[in-house]
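Asker: Okay, here's the structure, questions in a sec.
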Amino acid sequence: MPLQRPSRVDFFNSCVTEAMALIGVAAPDALTGVVVGVEEVPNLNVAWSGERVPLSAALEPTRGRRAQIVIFERPLELRATSRGELRRLVHQTIVEQLSALTGRSIAELGGEEGWDD
């Protein structure tokens, strides 16, 4: 029986899981108290500036809610030109949002500084 290629959604979810594992190796406590979630597209009620659709969002913790990182599946998929690039883009996106939330450097979290300049 031939091996099946993972579905688009399964592959994206595996990219998120892998990214979190890599961050856990680079900075074991970095994800403590942070929830990482996936939404298919950004909520249109949220305003953003510029012509680019956001790839992710970070929400500071509040009373009763942990810090959150939300990555947007379809914009990330449309930006990537291959599955390998999607894997890298998901990882870097989560790292950048985590850096913004925690104040840790991108390099400390296992990301690439200036990767998208």
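The values are calculated or read from the model by the stated rules, or taken from the named source; none is laboratory data. Keep in mind the model is a prediction, meaning the values are calculated, not measured. Note: ideal-geometry Cβ built from the backbone for every residue, glycine included; neighbour counts use all protein chains shown. With ligands, DNA and RNA removed, areas are computed over all heavy atoms of the protein, side chains included. Shrake-Rupley method; radii C 1.70, N 1.55, O 1.52, S 1.80 Å.
Asker: What ³J(HN,Hα) values, in whole Hz, does the Karplus curve 6.51 cos²θ - 1.76 cosθ + 1.60 give for region 5-20 when θ = phi - 60°, with x put for Gly and Pro?
Answerer: 6, x, 4, 4, 5, 4, 5, 4, 4, 5, 4, 5, 4, 5, 4, 5
Asker: Per residue of region 80-95, in order, report the coupling 6.51 cos²θ - 1.76 cosθ + 1.60 (Karplus, θ = phi - 60°) as ³J(HN,Hα) in whole Hz, putting x for Gly and Pro.
Answerer: 7, 9, 7, 5, x, 5, 4, 4, 5, 5, 4, 4, 5, 5, 5, 4
Asker: Using the Cβ atoms and a cut-off under 13 Å, what net charge is assigned to the surroundings of L78, where Lys and Arg are +1 and Asp and Glu are -1?
Answerer: 0
Asker: If you count only protein heavy atoms with a 1.4 Å probe, what accessible area per residue comes out for region 1-94, rounded to a whole Å²?
Answerer: Heavy-atom SASA per residue in region 1-94 reads 65 Å².
Asker: I'd like the carbon and sulfur percentage of the solvent accessible area for the chain, probe radius 1.4 Å, heavy atoms only, ligands and nucleic acids excluded. Mind dumping the intermediate values first?
Answerer: Values: 3900 of 7360 Å².
C and S fraction of accessible area: 53 percent.
Asker: Once the Cα atoms of the chain are picked out, what are the Rg and Dmax in Å?
Answerer: Just the Cα atoms of the chain yield Rg and Dmax of 14.6, 52 Å.
Asker: If you don't mind, another one. Assuming R0 = 30 Å, what is the FRET efficiency of F11 and V35, from their Cβ-Cβ distance, to the nearest 0.05?
Answerer: 0.90
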